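Note sheet for the following structure.
The values are calculated or read from the model by the stated rules, or taken from the named source; none is laboratory data. It should be emphasised that the depicted structure is a prediction, and the values quoted were computed from it without experimental measurement. No Cβ is skipped: glycine too gets one built from the backbone with ideal geometry, and neighbour counts run over all protein chains shown.
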Number of protein chains: 2
Amino acid sequence: MTGSLIIAGLGPGADHLVTPEVTEALAQATDIVGYIPYVARVAERPGLTLHPSDNRVEIDRSRHALEMAADGRQVVVVSSGDPGVFAMAAAVFEAVEAGPDHWRDLDIRVAPGITAMLAAAARAGAPLGHDFCAINLSDNLKPWALIERRLRLAAEADFAMAFYNPRSKSRPEGFARTLDVLNDACGDARPVIFARAVSTPEEAIRVVPLPDARPEMADMRTMVIVGSSTTRIITRDGAPFVYTPRSVA
Amino acid sequence: MTGSLIIAGLGPGADHLVTPEVTEALAQATDIVGYIPYVARVAERPGLTLHPSDNRVEIDRSRHALEMAADGRQVVVVSSGDPGVFAMAAAVFEAVEAGPDHWRDLDIRVAPGITAMLAAAARAGAPLGHDFCAINLSDNLKPWALIERRLRLAAEADFAMAFYNPRSKSRPEGFARTLDVLNDACGDARPVIFARAVSTPEEAIRVVPLPDARPEMADMRTMVIVGSSTTRIITRDGAPFVYTPRSVA
C-alpha cells in the first residue's frame, strides 16, 4: 500500500474548530505523530498507533513520520493551530530536504487549521482587520537582535502584530524586552490583547493599553496581539470589542 | 427572543474546510447576510432568509445585519476565508462604533475560518513557517504610498509576505508597481507563489522566481505569497515544495 503523510492542524483547542478535512485524515490514519498534548487530543482506536513525543524534537519526529510514510503507513503529524504557522509543517519540509531523495516523492500534504492568532482575534473583535504581521518571539530559533529589528520595523510600518510564544520558562526576559522595544517604538497607548488558551475551558482574554502591559500577563499558552496606531476599542458592558478599521485615510 | 449576530468565515471554498462551529451557526440562523457569491454557498431551507448584496457595500450590509439582530433575529454575516482578515468583521465593528448605543450590547461573535493565505501556504508547502506579514494590496482603502512603504519595510524586516487582493479590475496597475518595488527592495530570486482559487475545482498553483513574476499571473481570485530571503524550494516530480525554515542563524 502507498503511504502518505498529512501534516494536520488541530486548531486552538475546541473540537468545533477542527476542520472536517482534519477529522477525516485522523479517521483514516494508521499512525499519529506529534507533541504529547496534541497527540492526546486524538481518540485511540483499533488499528491506530499513537506516537507522542516531547517538545523540541521536531526534526526527529519529522524523520520518524517520513520513514513510516515511506514504509506504506498512513501517517498524520498533528500540530495545534495551523501546521504552517510556527508549527510542524516547516520542520517536516526541512527533514524532507535533508533526507534521502525518495522522501521527495512521498504523498505529503498539509491540512490547514485555525491558527492561534485568528482564534484570539475573533474572541477580541477584529484587531487584525488591516495589514498585520506575525512574529515568533522565541529566540531558540533566531537571534534576539533580529527579533528586535523586526519589532521596530513592524512598528514603523504600522502593522498590527501577533506574537506567538511570547514567554517561555527558559527565557522569561525576552517578552519584557519586547514590551520595552514596543513602548519605545510606538510611544502610544494602543491596545494589547492577551488571549490565553482560546476556545478551551481555561480561556481568558485581557485588553490593556500598551504602557500597562506587563510580562507576567503572558505565559506559554498566551497569544499576544498588539494593535496598530489606528486600532480602536468599543467600550460596553462586559469585555470591549477591539478592532482595526479597514481604511487608512 | 434575543437576537444575535455571528460573523462567520466560510474558508477558501471547499466544504471540508468549513469548521463545525460555522456549520452549526448557519444551521441555527434565521438570516444570512453577505456578498452574493458567499451567500450562494449557503443552502436554502424553510425559516431561513438569504440577503445577498453586492460588493463594496460592507457598511450598509453591516448595518442591516445589526438592525435585524436588534430585532431579535439570529443573523449570520458570511465572509470567505476568515472574517477577521480583510473581510467583514472589521466592517461590522465600524458600524457598531458609529451606530446607536444599544448595538454595543448585542450578542456579537466572530467565528474564525481558514483564511486564504493559510490555505494557499498549505498547498505550496510551508512558505509562512517563519515570521511573515499580510498586506491587502487594494488601494481602495488606503493610499498607494502607504502600501509601498509597507512593502519596503517588510522586505527590510525579511518577512515572508502574503498579499490579498493583488489585482482588481479597476486598478490593474497596482500589482505591477508592487512587483517593481519588491524586485528593487529584495534584489534576489526568492520564490513567489501564485495560488488561484485554492480548494475549488479551479485551483491552480504556480511558483516562479521573483524576477519572473508578472502582473497577469494574478487575478481577483489569486492569493500571492512572496518568500523571505531564506525561503527554499524542494524540487521533485510534479509541483515543488516551498518552505521557509524555522531557524535563522
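Just a few scattered comments:
- Some residue of the range A:189-202 being among the hydrophobic types (A, V, I, L, M, F, W, C), within 15 Å of A:Thr231 (Cα to Cα) and assigned to a helix (DSSP H, G or I): no
- Check on A:Gly84, at the interface with chain B (Cβ under 7 Å from one of its Cβ atoms), touching a helix residue (DSSP H, G or I) at 6+ places or on another chain (Cβ under 9 Å), small (Gly, Ala, Ser) and not in a helix (DSSP H, G or I): yes
- The residue that is surrounded by the most Cβ atoms within 10 Å (Cβ to Cβ), among those in the range A:16-43 that are β-branched (Val, Ile, Thr) and within 14 Å of chain B (Cβ to nearest Cβ), is A:Thr19.
- Tally of residues being farther than 27 Å from B:Ala197 by Cα and surrounded by 13 or more Cβ atoms within 10 Å (Cβ to Cβ) across the range B:44-59: 2
- Residue check, B:Gly125 under 13 Å from A:Ala134 (Cα atoms), touching a strand residue (DSSP E or B) at 6+ places or on another chain (Cβ under 6 Å) and either aliphatic (A, V, I, L, M) or modelled with pLDDT of 95 or more (or both): no
- Tally, over the range A:203-227, of residues that are under 18 Å from A:Arg123 (Cβ atoms) and basic (Lys, Arg): 2
- Residue match in the range B:34-41 (condition: at pLDDT 95 or above, hydroxyl-bearing (Ser, Thr, Tyr) and in contact with a Phe, Trp or Tyr (Cβ under 6 Å, 6 or more places away or on another chain)): no
- Strands (runs of 3 or more DSSP E) fully within the range A:87-169 that include at least 2 residues being more than 7 Å from every other protein chain (Cβ to nearest Cβ), farther than 30 Å from A:Arg63 by Cβ and hydrophobic (A, V, I, L, M, F, W, C): A:160-164.
- Note on the range B:214-246: among residues that are part of a strand (DSSP E or B) and more than 12 Å from chain A (Cβ to nearest Cβ), the one that is nearest to B:Phe132 (Cα to Cα) is B:Val226.
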